[in-house]
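Everything on this sheet refers to the single structure shown next.
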Amino acid sequence: MIDAFLDGLLLVLQWKALAFMLLGVGLGFWVGLLPGLGGATTLALMLPFIYTMQPVEAFAFLLGMHAVVATTGDITSVLFGVPGEATTAATILDGYAMTKKGEAGRALGAALGSSLVGALVGAFALALAIPIVRPLVLTFGSPELFMLAIVGLAFIASLSAQGGRGMLRGFLAGGLGLLFATVGQDPQAGVARFTLDTLYLWQGLELVPVLVGIFAIPEIIDLVVRGTSIAGDLPPGRLNKGAFEGLKDTFRHFGLTIRCSLIGTFIGIMPGLGGAVAQWMAYGHATQSARNAEERKGFGAGDVRGVLGPGAANNSKEGGSLIPTVAFGVPGSTSMAILLGGFVLLGLVPGPDMLTTHLTLTFSMVWTIVVANVITVAASFLFLNRLAKLTTVRGHMLIPVILVLVFVGSFTANNNYGDLVVTLVFGGIGYLMVVAGWPRAPFVLGLVLGKIAENYLYISVARYGAAWLSRPVVLVLLALALVVVVYPFIQSRRRGPGKGAHA
Amino acid sequence: MRHTHALFAVFGLALCAPQYGLAQPSPYAGKTITMVVGYKPGGGYDATARLLARHLPDHIPGKPTVIVQNMPGANSLIAANHVYGAAKPDGLTIGTFNRNLPIAQLTGVAGVKFDMTKFAWIGSASSESTILAIRTDLPYNSFEDMKKSGKEIVIGATGPGANTYDFPLLIKDLLGVKLKIVSGYSSSSDIMLAIERKEADGRAGSYSSILPFIDRKLVRPVIRARATEPGIEKLPVDEDLASTPRAKAIMALRSAPEVIGRPYVMPPGTPDAMVKAMREAFAKAIKDPKLIAEAKKAKMDLEFVPGDEALKVIKEVLTQPKDIVDEFSKYIKFGE
């Protein structure tokens, strides 16, 4: 096993594999930066190029590209408040808030630092999980996956403002998200729900236009109204020191970064939960680390921990989602489904063989994720401070560019004008929510988890009747969900003002 | 001297000109053909289209560029409406979409703005056989065993309109096998995992997508629909086991579009010469050893069904008597 682990590294470091990886990393870099253009689509477009490659080279190319998308996606989220990827939207909440305070460099440093840690944790979790991966994945049937979605929804308690009013608004926003998740043809009876007699809504709401609308549009309006640069009128000198400060933050809150990486890995392993969920659970967990009410209020207003959490999770989930793909031939996300096509092209059969006869190759994938992220983060640091300076450019000059990114990005979801309408409508909803002081994160969490919760609940009841409620893992997860809901209350009771009892 | 040379050159060109005229530069020379795919990148329809787009230029006179444009939505109704109503019939647009669109037209799905028989049909690039496979650790070796046992068998499915759902539904209701269809899985690979953890006992789907799991001895195929492929010829066919002509007709209707599993059309009114050129290009490209080698690697098996034959299948579907259509609509909803 150790041999295979090291051989895997050597395979990746061969010049040909490394060259292909660099090519992939270069591509993934841009794909991540540009909103809308997603990792999955790019993977599909690149698939034909691997016909003539060796497996190690092909995976270095594809995975190298895929592994950095979430890393550079964070950059767009932090700098402009526009989600670079559907999986990097949670970084906006605190990352963009920091940018507005003139801390873009620090936020970017934290995003990249945590991305790197996340990628490493995810990759090593993949390596360690190999012996136990089959039983682990097989324990989680539909009832367990439903309960995981419930645990996810329970994080609304952490994502909402404190106090009765804040909670009420948070859970109502979450409920609204769940409601929007029901749009489209339902999978049990085939009935079209809330499609407004349009064909466009048959497949439900596309995540990218919704996220871009709800997060980016309100910020653009805000920027127009303020009439300043993104970072206000702060002296530009302050910006330049930030990037290394952000990197240091990653290690200052190392425990949190690791825990959020593990959350990401775990969600990644579970097929069927989808890539967009992990970041929000990690963000919810990050807010739990607030030591007092003052600190809790700082989340959403530019707390670096709110960047570290999702930054780590959206990278660590990649290692995680490779696990079911490799071990069962069952992809954990759309990107992995396309990667699976790559396996077939190369004549490999994903499944138990990948953990025995092809173990070296599997480990080479682990190493690809590691090396690709190290390269990206190092390369990004070279011009991070330059990027951060963009936030001192006057808003009037930036806005046209950002608007183009926003609408072109949304349009690439389906190449349909409906995408633009969805962006505008949710932009309006997002703006109203911001103005009225309603939290947007619970809404997105509801939207992301709605379909998952609905379908797995239906399957659980149809398959097991009421018996699924007594499954041990279901009960454990139920207890966990309760803890997550009650935690903010316990926290507010236990904390004395200003005292940090548990760090 | 130089003037004379130039003069000769001009004359020479003038002499040659009629010959160039005779050679008739292909209408496709220097042009770009857009292939509109009704799905997102990554699926089977998209993979087939991209494979063809890579090899078609070699077989179209004038070597045009062929690009793929994804236009997903409403199980590819949006793409079909676009190719039918919005795209110019100038021979530069090809559409490929859900093989079940004739069913959508037949059952009067809202949003259908096309008549399948009026497209300029190129043909189909492959047929897709649907099978039902169950776990190998179940004590049934054949469909007969399964039916006789009378025990409930749990079938995982994605949702109505997909072959993971419709095929077992007809087996359950028309052949009287005790199946319990549980739908809501997000993809067919999700169902495969449910089978692996014994939450589901089996699933239906295209033979090509289940084949890796048959090879791995996780599941075994027990029954198939009309369209066949090497390896499953000997399986019982659902419509042969039907006890009434009505049941047989309904099953046959569900299976009919599978023969034209990857339909390719051009907008109505595309000049015949261009449609003909495209049919020939498809036929040649699908026989091209380079394409076959690539398809083999991707575990795809292409077989060209020319446009007139495809149209025959479409007409067969669309000319069903009303009572059969009404009965059919009770079971089958249009979906992916």
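Restricting to segment A:270-302, name every residue that is surrounded by 19 or more Cβ atoms within 10 Å (Cβ to Cβ), more than 14 Å from chain B (Cβ to nearest Cβ), in a loop (DSSP other than H, G, I, E, B) and hydrophobic (A, V, I, L, M, F, W, C).
A:ALA290, A:PHE299
Go through (1) out of contact with any helix residue (DSSP H, G or I) (no Cβ under 6 Å at 6 or more places or on another chain); (2) within 12 Å of another protein chain (Cβ to nearest Cβ) and name the single condition A:GLY175 misses.
(2)
Kindly indicate whether any position in segment A:42-50 is more than 14 Å from chain B (Cβ to nearest Cβ) and part of a helix (DSSP H, G or I). Quick ask: steps written out before the conclusion?
Initial filter on segment A:42-50 (more than 14 Å from chain B (Cβ to nearest Cβ)): none.
No, that holds for no residue.
Determine which single condition A:THR412 fails, assuming it passes every other condition in (1) away from every other protein chain (no Cβ under 14 Å); (2) over 30 Å from A:GLN188 (Cβ atoms); (3) not aromatic (Phe, Trp, Tyr).
Checking A:THR412 against (1) away from every other protein chain (no Cβ under 14 Å); (2) over 30 Å from A:GLN188 (Cβ atoms); (3) not aromatic (Phe, Trp, Tyr), the one that fails is (1).
Can you tell me which residue in segment B:61-87 is farthest from the chain's Cα centre (by Cα), limited to those that are away from every other protein chain (no Cβ under 12 Å) and crowded, with 22+ Cβ neighbours inside 10 Å?
Per the stated criteria, the residue is B:VAL66.
Looking at segment A:108-207, what helices (runs of 4 or more DSSP H) fall wholly within it and have at least 1 residues that are modelled with pLDDT of 90 or more?
Values: elements: A:133-139, A:142-154, A:156-159, A:163-181.
Here the list reads A:142-154, A:156-159, A:163-181.
Would segment B:35-51 turn up any residue that is surrounded by fewer than 19 Cβ atoms within 10 Å (Cβ to Cβ) and either among the hydroxyl-bearing types (Ser, Thr, Tyr) or at pLDDT 95 or above (or both)?
Looking through segment B:35-51, none of the residues is surrounded by fewer than 19 Cβ atoms within 10 Å (Cβ to Cβ) and either among the hydroxyl-bearing types (Ser, Thr, Tyr) or at pLDDT 95 or above (or both).
What are the pairs, 6+ residues apart or on separate chains, where a residue within segment B:285-312 that is more than 17 Å from B:LEU56 (Cα to Cα) has its Cβ under 6 Å from a residue that is part of a helix (DSSP H, G or I) and of a type outside the set (Asp, Glu)?
Note: pairs meeting the criteria are B:LYS297/A:LEU345; B:ALA298/A:LEU345; B:LYS299/A:VAL344; B:ALA310/B:ILE260.
With the requirement that a residue be surrounded by fewer than 19 Cβ atoms within 10 Å (Cβ to Cβ) and polar (S, T, N, Q), what does segment A:448-496 give you?
Passing the criteria: A:SER470, A:SER492.
Looking only at helices (runs of 4 or more DSSP H) that lie completely in segment B:220-336, which have at least 2 residues being within 14 Å of chain A (Cβ to nearest Cβ)? Can you show your working first?
Values: elements: B:245-255, B:272-287, B:289-297, B:307-318, B:322-331.
Once the helices (runs of 4 or more DSSP H) in segment B:220-336 are filtered for at least 2 residues that are within 14 Å of chain A (Cβ to nearest Cβ), what remains is B:289-297, B:322-331.
What are the residues in segment B:180-206 that are more than 7 Å from chain A (Cβ to nearest Cβ), among the basic types (Lys, Arg) and surrounded by fewer than 24 Cβ atoms within 10 Å (Cβ to Cβ), if any?
B:LYS180, B:LYS198
With respect to B:MET146, determine if the residue is more than 10 Å from chain A (Cβ to nearest Cβ), buried (at least 20 other Cβ atoms within 10 Å of the Cβ) and not acidic (Asp, Glu). I'd like the intermediate steps shown before the answer.
On the way: more than 10 Å from chain A (Cβ to nearest Cβ): yes; buried (at least 20 other Cβ atoms within 10 Å of the Cβ): yes; not acidic (Asp, Glu): yes.
Here the answer is yes, as B:MET146 does meet what is asked.
So for segment B:314-329 (the condition being surrounded by 19 or more Cβ atoms within 10 Å (Cβ to Cβ) and within 12 Å of B:ALA125 (Cα to Cα)), does at least one residue qualify?
No, segment B:314-329 has no match at all.
Only one of these is under 25 Å from B:LYS248 (Cα atoms) and in a loop (DSSP other than H, G, I, E, B): B:TYR165, B:TYR185, B:TYR140. Name it.
On the way: B:TYR165 fails: in a loop (DSSP other than H, G, I, E, B); B:TYR185 fails: under 25 Å from B:LYS248 (Cα atoms).
That would be B:TYR140, the only listed residue that is under 25 Å from B:LYS248 (Cα atoms) and in a loop (DSSP other than H, G, I, E, B).
Of the residues in segment A:440-478, how many are more than 9 Å from chain B (Cβ to nearest Cβ) and either under 19 Å from A:ALA278 (Cβ atoms) or of a type in the set (A, V, I, L, M) (or both)?
Residues that pass the stated criteria total 22.
Being facing chain A (nearest Cβ under 7 Å) and surrounded by fewer than 23 Cβ atoms within 10 Å (Cβ to Cβ) is the filter; apply it to segment B:158-179 and report the residue that is farthest from A:LEU273 (Cα to Cα). Don't jump to the end; show me each part of the working.
Pass one, segment B:158-179, residues facing chain A (nearest Cβ under 7 Å): B:158-161.
Still in the list and also surrounded by fewer than 23 Cβ atoms within 10 Å (Cβ to Cβ): B:159, B:161.
Values: B:GLY159: 18, B:GLY161: 23 Å.
The extreme case among them is B:GLY161.
So, in segment A:313-362, exactly how many residues are assigned to a loop (DSSP other than H, G, I, E, B), more than 10 Å from chain B (Cβ to nearest Cβ) and of a type in the set (A, V, I, L, M)?
As a first pass, look at segment A:313-362 and keep what is assigned to a loop (DSSP other than H, G, I, E, B): A:329-333, A:346-351, A:356-358.
Right, trim to more than 10 Å from chain B (Cβ to nearest Cβ) and you get A:333, A:348, A:356-358.
This time we only want the ones that are of a type in the set (A, V, I, L, M), so: A:348.
Residues in segment A:313-362 being assigned to a loop (DSSP other than H, G, I, E, B), more than 10 Å from chain B (Cβ to nearest Cβ) and of a type in the set (A, V, I, L, M): 1 in total.
Could you pull out the residue among A:ILE214, A:ILE267, A:ILE263 that is within 30 Å of A:ARG394 (Cα to Cα), away from chain B (no Cβ under 14 Å), among the β-branched types (Val, Ile, Thr) and in a helix (DSSP H, G or I)?
Details: A:ILE267 fails: within 30 Å of A:ARG394 (Cα to Cα); A:ILE263 fails: within 30 Å of A:ARG394 (Cα to Cα).
It is A:ILE214.
Quick one: A:ARG394 ticks every box in (1) away from chain B (no Cβ under 14 Å); (2) closer than 25 Å to A:GLY152 by Cα; (3) of a type in the set (D, E, K, R) bar one, so which box is it?
(2)
Would you check if A:PRO310 is within 14 Å of another protein chain (Cβ to nearest Cβ), outside any loop (DSSP other than H, G, I, E, B) and under 30 Å from A:ALA40 (Cβ atoms)? Don't jump to the end; show me each part of the working.
Working: within 14 Å of another protein chain (Cβ to nearest Cβ): no; outside any loop (DSSP other than H, G, I, E, B): yes; under 30 Å from A:ALA40 (Cβ atoms): yes.
No.
Go through segment A:249-278 and give me each residue that's without any contact (Cβ under 8 Å) to a residue 60 or more places away in the chain and charged (D, E, K, R).
Within segment A:249-278, A:ARG252, A:ARG259 qualify.
Quick one: in segment A:415-433, which of the residues that are buried (at least 18 other Cβ atoms within 10 Å of the Cβ) and more than 23 Å from A:TRP202 (Cβ to Cβ) is nearest to the other protein chains (Cβ to nearest Cβ)?
Filtering first and then ranking leaves A:GLY430.
The values are calculated or read from the model by the stated rules, or taken from the named source; none is laboratory data. Bear in mind that the values here come from a model prediction, so they are computed numbers and not experimental data. We place every Cβ from the backbone using ideal geometry, glycine too, and count neighbours over all the protein chains shown.
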